[in-house]
Amino acid sequence: MGNSKISSKIIYSRSVEKELKLWVEKYPAGKVFLATEETVDKIWVSEFDDFLKSNGIKKVVIPAGENNKKIESVAKIWKFLSENGGDRKSLLINIGGGMLTDLAGFAATTFKRGIDFLNVPTTLLSQVDASVGGKTGINFNGLKNEVGTFKEPVAVIINTNFLETIDQQNFISGFGEMIKHGLIYNSEHLNELKAFDFENIDYNALETIIRHSVNVKAYFVANDPTEQNIRKALNFGHTAGHAFESLAMQQNRPILHGYAVAFGMIVELFLSSKKCNFAVKELKSITEWLVNIYGKFVITKSDYNQLFELMTHDKKNELGRINFTLLPKIGEIEINRDCNKELIFEAFDFYREL
């Protein structure tokens, strides 16, 4: 990676247990805990049960699903740590998808003003996205990731075996963040994604592609840990994407995060073509590719105002203007580009008419 500013270790391993053992030994006996979510607990943690028993690790299980990414779940983890002798020398191991690592990471950074935590992401989305960058958070008051902290885990263990048990929709969702990394960083990464075969997944080859994707994210995070400037590149597709995601939730037809980002990228590539001269030919071919993978979340003109309103809540906005990260071309970014309502509605038209 060539950058020392990312303080957490990213470990690619075929044996999670072996890696965890090395970490557990660094902490006092009885001071290591595990947080996981129901789905993962059912499929995987039974495999870890002997390991947990022999190392005296107690676990807390959070119900699965984005609707559990809330303060009540954080309180459940705080209570669990408190009642089982958690102190400032403790380690919390988080095994699960991005919802769980965000949530349990937040619980760890606030318990006793912050204890160490280690993430073992189990979905493609969390391996390429939530695992790097030290953002923790929960949804609050109907808004996504409204409350959170910046804190790096002590380590992230990435193992592609976990991906063999996730369904195709969740796999494709994670792939959306990888496409974003390719668009903002270089066409080389984008091309290897375009060549990827979803029907016959080669998990060893996938590990290499995941490394490339994680390295893109790590590059931006290392150069701007608290998102003052260049790290905003990672928000490409997210200003519109989060609005799609929230609208979908409000209308009771939820979509997965990576799908929302894919739809958001279509909107923001259109804005890029208008504001930064992103090539129209490229816009058309990428859009076609995205629709091919992600299909379409149907919106009507009557949704425009609500989508716009949701965009105004985005944490990245400043001084009342909606800030976009846009692309003059693949691998080049322009941050803090504001677009007026009229142009944003034009982008919705472009998306709706695809």
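The values are calculated or read from the model by the stated rules, or taken from the named source; none is laboratory data. Note that this is a predicted model, so its numbers are computed, not measured. Quick reminder, even Gly has a Cβ in these numbers, built from the backbone with ideal geometry, and neighbours come from all protein chains shown.
Scanning segment 8-32 for residues that are of a type in the set (Val, Ile, Thr) and either assigned to a strand (DSSP E or B) or more than 24 Å from the chain's Cα centre (by Cα) (or both) returns ILE10, ILE11, VAL24, VAL32. Among the residues making up segment 152-165, those that are part of a loop (DSSP other than H, G, I, E, B) and either without any contact (Cβ under 8 Å) to a residue 40 or more places away in the chain or over 15 Å from the mean Cα position of the chain (by Cα) (or both) are VAL154, ASN159. Counting only helices (runs of 4 or more DSSP H) that sit wholly inside segment 33-143, those with at least 3 residues that are touching a residue at least 40 places away in the same chain (Cβ under 8 Å) are 71-83, 98-110. Taking segment 286-335, which residues are part of a helix (DSSP H, G or I), loosely packed, with under 12 Cβ neighbours inside 10 Å and hydroxyl-bearing (Ser, Thr, Tyr)? Correct list: SER302 only.
Let's see how each residue does on (1) in contact with a Pro (Cβ under 6 Å, 6 or more places away or on another chain); (2) polar (S, T, N, Q); (3) more than 23 Å from ALA262 (Cβ to Cβ); (4) outside the structural domain of PHE263 (by TED's automatic domain parsing):
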position	(1), (2), (3), (4)
ILE138	no, no, yes, yes
ASN141	no, yes, yes, yes
ASN145	no, yes, no, yes
THR149	no, yes, yes, yes
ILE157	no, no, yes, yes
GLU177	no, no, no, no
HIS181	no, no, no, no
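On the given criteria, is GLY114 modelled with pLDDT under 95 and not polar (S, T, N, Q)? Spelling it out, it is not the case that GLY114 is modelled with pLDDT under 95 and not polar (S, T, N, Q). Out of curiosity, is PHE111 more than 20 Å from ILE11 (Cβ to Cβ), surrounded by fewer than 24 Cβ atoms within 10 Å (Cβ to Cβ) and touching a Gly at 6+ places or on another chain (Cβ under 7 Å)? The answer is yes for PHE111. Taking (1) under 20 Å from LEU190 (Cα atoms); (2) at pLDDT below 95 in turn, ASN223 satisfies each apart from (1).
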